Amino acid sequence: MSDASPPTDLGSSRSLARQRHEVILAEVRRKGAVRVSELAVLLGVSDMTVRRDLETLDDTGLLAKVHGGATLRDERTTDEPGFEAKSLRNTREKHAIAMAAAALVRPGTAIGITAGTTTWQLAYHITEIPNLTVVTNSVQVADVLHHSQRNDRTVVLTGGVRTPSDALVGPVAVAALRALHLDSVFMGVHGMSVRAGFTTPNLMEAETNRAFVSATEHLVVLNFAWVSIC
């Protein structure tokens with residue numbers, strides 16, 4: 001007798017988990033702290049499911065799991081969350097920013113894309129643009145473009161030392177960029193201020209980003225709040 005039970009849809013399960021994670025993070029940021037019981041009612045799931053979600057989010061550094069719930073994790077300007085942790089944050093906003101930035105990419109151009117989760121989203125939105133040369137120091141961006149292969153697209157990965165956010169940085173990356181001229185560069189940043197400008201907690205990544213800027217006269221900065229064209 002064959003088993004008639006339907007197969008598990010892993011893609012659907014991951015999508016639902018991601019949606020729960022976004023709701024949980026929004027609640028923690030709104031309140032500062034939440035209880036497991038409150039989240040279970042809000043999400044319509046069991047306490048055990050919420051605890052598993054909190055463990056995942058704690059492991060990725062997005063919140064601090066405490067007895068009975070979770071709180072905001074203290075962040076400092078030198079903190080650098082991993083790529084997975086950042087990819088769960090503000091996904092709708094990043095998607096919208098990436099779409100706006102993709103509209104600035106012209107067929108037949110050579111562009112630079114720096115590392116980051118918003119620029120990673122941008123990579124998905126340029127897969128159908130023809131005759132592109134893309135120079136990137138992002139392992140994740142290169143992976144997206146590799147899996148959507150086109151005969152008329154060239155992808156150059158700079159090389160370098162890998163950071164927690166999957167950026168390749170340092171002297172090797174800088175040397176590669178100094179030999180290039182790009183029509184435009186799309187840059188992700190960790191923060192921005194009037195005094196310091198665009199910032200990153202990693203000194204070698206800052207140097208690599210400066211090399212990207214020097215390689216073009218058209219800089220587009222993808223920030224959580226907007227797309228800034230310099």
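The values are calculated or read from the model by the stated rules, or taken from the named source; none is laboratory data. Only a predicted model underlies this, so the values are computations on that prediction, with no experimental measurement involved. Counting neighbours? That spans all protein chains shown, and the Cβs are built from the backbone with ideal geometry, glycine included.
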Inset, instruction - Looking at (1) buried (at least 20 other Cβ atoms within 10 Å of the Cβ); (2) touching a Leu at 6+ places or on another chain (Cβ under 6 Å), find the lone condition where S165 falls short. - result: (2)
Legend entry - Long-range neighbours under 7 Å by Cβ, at least six apart or interchain, first residue over 19 Å from Q19 (Cβ atoms) within segment 31-42, second of a type in the set (V, I, T): G32/T71; A33/T71
Inset, instruction - Tell me, yes or no, whether segment 185-204 has at least one residue that is in a helix (DSSP H, G or I) and touching a residue at least 12 places away in the same chain (Cβ under 8 Å). - result: yes
Legend entry - V141, sole failed condition from (1) surrounded by 19 or more Cβ atoms within 10 Å (Cβ to Cβ); (2) closer than 15 Å to G116 by Cβ; (3) touching a residue at least 60 places away in the same chain (Cβ under 8 Å): (3)
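Assess whether V134 counts as being closer than 18 Å to L219 by Cβ, outside the structural domain of L62 (by TED's automatic domain parsing) and over 15 Å from the mean Cα position of the chain (by Cα). It would help to see each step written out before you state the result.
Numbers: closer than 18 Å to L219 by Cβ: yes; outside the structural domain of L62 (by TED's automatic domain parsing): yes; over 15 Å from the mean Cα position of the chain (by Cα): yes.
Here the answer is yes, as V134 does meet what is asked.
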Legend entry - Any hit, segment 119-130, residues being surrounded by fewer than 14 Cβ atoms within 10 Å (Cβ to Cβ), of a type outside the set (D, E), in contact with a Lys or Arg (Cβ under 9 Å, 6 or more places away or on another chain) and part of a loop (DSSP other than H, G, I, E, B): yes
Legend entry - Single residue of V156, V172 found to be assigned to a helix (DSSP H, G or I) and among the β-branched types (V, I, T): V172
